[in-house]
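Peer 1: Mind looking over this structure? Questions follow.
Please treat every number below as a calculation from the coordinates, not as lab data. Keep in mind it's a predicted model, so treat the numbers as computed, not measured. Quick reminder, even Gly has a Cβ in these numbers, built from the backbone with ideal geometry, and neighbours come from all protein chains shown.
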Amino acid sequence: MSDLSLLSSRAIRGMYFARLETDPGTNWLDGVSNYFGSDQSSETYNFLGQTPMMREWIGQRQAKGFTGNGLTIINKHYEATLEIQKKDARRDKTGQIRARIDEFADRSQTHWASLTSTLIVNGVSSLCYDGQYFYDTDHVEGDSGVQSNKIGVAIAGLPCVLHGTPANPSTEEMQQAIIKAIVQILSFKDDKGEPMNENATSFTVMVPLGLMQSALAAVSTLVPAMSVQNLNPNLLRNFKVEVVLNVRLTAAGWTNQFTVFRTDSPIKALIRQTEQEVEMKMKAEGSEFEFDNDAWQMGIDAWRGAGYGYWQRSVHVTLN
């Protein structure tokens, strides 16, 4: 029988923070999103307009400030609370309470994955800074021309030896679809008609469960296949493409859809902001709650929000 003192509130708190040192499988977040601090109820990101290119100095400087096409992200209050019966702590012989604490910590970390995945899933019907849907076929800014970061790929028409279905494409079909998405990202221009992603070398292919196998096989030989796309050979030397499985896309009903992100840019596709980091509060030894319920409660809460950054850093692909 375990000693209750070993599972004091201090010990439980230690378990929680020790677990936070591990990676719950959300290391892809930094590649697809910027993280900003906040000190108010909401933040407006006016910087999401285009930055100026260098020009010949004729006359005087021509400064370009922030545009009026900003995006406001509201900080919302989130919480989770876990209750532990004292009798369970006293009787625990199998580490079940530690397992619950570990899972509780993991959930607090994967909350960002939940918020950003919701943005990705809703990107085809939610507005971004330019007033268009984040994933849309008719983005226009200044002299950029009409640009699309929402493409369809008819796999039956691809020059492949083996053909599959939209929900189960062949490796070759998946590879060509990924290449089309990357080439699309590389083609995007700013409001002056200048390339926005010409130096991009790092990409993440985010897929639902059903497309994971074909995506992994496709990416394993992607760089040689891209060499025939007339891309800058200097870029291909350092090209990095990784596959990320996001089961939240599967839960949202994605079977023949995936997204590709550019991950090496200063301003990314998504934004995470925090007004207050995760705090832990406990009703434990000596509390009125313990007296009334013979139990403890540990709660975590945070003020945070998420929104869309540059649509030019991501492409949504539908296999048809």
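Peer 1: Sort ILE97, ILE151, ILE120 so the one with the fewest other Cβ atoms within 10 Å of its own Cβ comes first.
Peer 2: Neighbour counts put them in this order, fewest first: ILE151, ILE97, ILE120.
Peer 1: Here is a further query. Could you pull out every whole DSSP H run in the chain that spans at least 27 Å of Cα extent along its own axis and averages 1.6 or higher on the Kyte-Doolittle scale?
Peer 2: Values: long enough: 96-121 (35 Å, -0.23).
Membrane-span-like by this criterion, though nothing is claimed about a membrane: none.
Peer 1: For the chain, modelled as a GNM with alpha-carbon contacts under 10 angstrom, which of GLN184, GLN176, GLN297 fluctuates the most?
Peer 2: Greatest mean-square fluctuation among the candidates belongs to GLN297.
Peer 1: What residues qualify as long-range amide H neighbours of GLY164, i.e. H under 5 Å apart, gap of 5 or more or another chain, H built at 1.01 Å from N?
Peer 2: SER170
Peer 1: Using alpha-carbon pairs under 8 Å, 6+ residues apart, how would you state the relative contact order of the chain in percent? Write down the numbers at each step before the final one.
Peer 2: Working: 582 pairs, mean separation 85.9, N = 320.
The value is 27 percent.
Peer 1: Let me ask you something else. Scan around PHE36 for amide H atoms under 5 Å from its own, H built in the peptide plane at 1.01 Å from N, and keep only partners 5 or more places away or cross-chain.
Peer 2: Excluding prolines and chain starts, which carry no amide H, the hits are ARG272, GLN273, THR274.
Peer 1: How would PHE261, PHE36, PHE239 line up from fewest to most surrounding beta-carbon atoms within 10 angstrom?
Peer 2: By the 10 Å Cβ count, ascending, the order reads PHE36, PHE239, PHE261.
Peer 1: Select from VAL278, MET226, GLY309 the residue farthest towards the positive end of the dipole of the chain; place +1 on Cβ of Lys and Arg, -1 on Cβ of Asp and Glu, and compute about the Cα centre.
Peer 2: So the residue we want is MET226.
Peer 1: Give me the one-decimal Kirkwood hydrodynamic radius in Å for region 68-201, with the sum taken over alpha-carbon pairs.
Peer 2: Here the Kirkwood hydrodynamic radius works out to 19.6 Å.
Peer 1: Can you list the residues, at least 5 places off or on another chain, whose amide H is less than 5 Å from the amide H of SER144, using H built in the peptide plane?
Peer 2: The answer is GLY193.
Peer 1: Apply the Karplus parameterisation 6.51 cos²θ - 1.76 cosθ + 1.60, with θ equal to phi minus 60°, to every residue of region 254-271 and state each ³J(HN,Hα) to the nearest whole Hz, in sequence, with x for glycine and proline.
Peer 2: Rounded to whole hertz, the list is 6, 10, 10, 10, 7, 10, 10, 10, 7, 10, 10, 9, x, 9, 9, 6, 10, 10.
Peer 1: In nanometres, what is the gap between the two model label sites at ASN46 and ALA80, each 7 Å from Cα along Cα-to-Cβ?
Peer 2: In this crude spin-label approximation the distance works out to 3.7 nm.
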